[in-house]
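The next block holds one structure in the form of structure tokens; read it before the comments.
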Amino acid sequence: MTAGTGGAVLAFPLLAATTAEAAPAAHTAATAKVTLTPAAAVQQDTPATYSVVWGDSLSKIADTYSLSGGWQQLYENNRDVIGANPSLIHPGLTLTLGTESVSQAPAESTADESATADESAAVDESASADTGATATQAAAKTYTDDLDGWIREALDVMAVHGIPGSYDGIYRNIMRESSGNPTAINNWDSNAAAGIPSKGLLQVIDPTFQAYHVPGTSTDSYDPVANITAACNYAADRYGSIDNVNGPY
């Protein structure tokens with residue numbers, strides 16, 4: 001694809017540029033433990049929820065509150081709010097820590113276990129009957145109608161179709177190409193002169209959009225999610241991932 005070089009700059013960014021740190025590798029987390037002071041190393045009482053601050057990572061939060069299952073379980077418990085990439089958590093994001101204890105209601109434990117088993121069986125039967133359960137579940141989620149929501153929805157669609165890419169890689173390229181304006185269009189470069197101007201968040205020309213359109217998304221190249229997924233599908237084919245794109249592509 002010969003896309004635009006980001007000439008459309010009238011729109012304003014719809015997402016804060018800063019994010020909290022990614023979940024660090026095991027050796028990094030181990031180093032962090034060694035450098036803690038005795039006071040900081042004392043286990044803290046676990047609150048019901050936690051609001052992410054600058055410098056946080058899932059690993060750091062899990063270690064601070066000695067969460068069972070570590071950062072992996074913390075991510076699973078909050079996948080819906082974090083999104084597809086556990087390495088990208090944003091300051092201000094509210095996470096749920098741990099789960100409710102069933103020991104507080106021992107008399108009801110047997111009934112609860114039975115109900116849980118019935119629900120699990122129903123879910124298993126539904127999943128077996130519908131091979132598109134994952135795609136349907138992703139489509140049923142709600143997303144904010146802004147840049148953050150568009151990227152998160154696109155990532156869920158991409159996950160269903162096996163298209164690689166991260167929130168950071170998509171966001172970085174969008175800000176360079178269109179400054180976050182879904183109606184951006186380049187009317188002055190060689191593509192425009194040829195009658196196929198670059199359009200949308202990731203400045204995709206119509207032939208590329210049609211060739212790499214992802215099934216289930218809009219056929220309108222200005223549609224934010226359709227534009228993102230088609231561009232990422234193209235980038236995956238040409239560069240391995242949108243994450244590897246750092247300039248005009």
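Derivation of every value follows stated rules applied to the coordinates shown; laboratory data play no part. From a predicted model like this one, the values you see are computed outputs, not experimental measurements. A quick note on method: Cβ atoms are made from the backbone with ideal geometry, for glycine too, and the neighbour counts reach across all protein chains shown.
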**OP:** Sum up the charges of everything whose Cβ sits under 13 Å from the Cβ of residue 210, counting Lys and Arg as +1 and Asp and Glu as -1, but leave residue 210 out.
**Re:** -1
Subject >> Label point distance in nm, residue 237-residue 96, each placed 7 Å from Cα along Cα→Cβ >> reply: 4.0
**OP:** State the extension gain, in nm to one decimal, for the chain segment bounded by residue 145 and residue 206, taking 0.36 nm per residue of separation less the distance between their alpha-carbons.
**Re:** 19.6 nm
Original post:
Is the stretch 140-244 best put as rounded, prolate or oblate by its Cα gyration tensor, with a ≥ b ≥ c the root eigenvalues, rounded for a/c under 1.5, and otherwise prolate when a/b is larger than b/c, oblate when not?
Top reply: prolate
Subject >> Inter-site label distance for residue 193 and residue 51 at 7 Å from Cα along Cβ, in nm >> reply: 5.4
**OP:** Report the local net charge at residue 163: Lys and Arg +1, Asp and Glu -1, summed over other residues whose C-beta lies under 14 Å from its C-beta.
**Re:** -3
Original post:
Which net charge results when you count Lys and Arg as +1 and Asp and Glu as -1 among the other residues whose beta-carbon is under 9 Å from that of residue 221?
Top reply: -2
Original post:
Hey, got the dipole for the stretch 172-249? About the Cα centre, +1 on K and R Cβ, -1 on D and E Cβ, debye to the nearest 20?
Top reply: 140
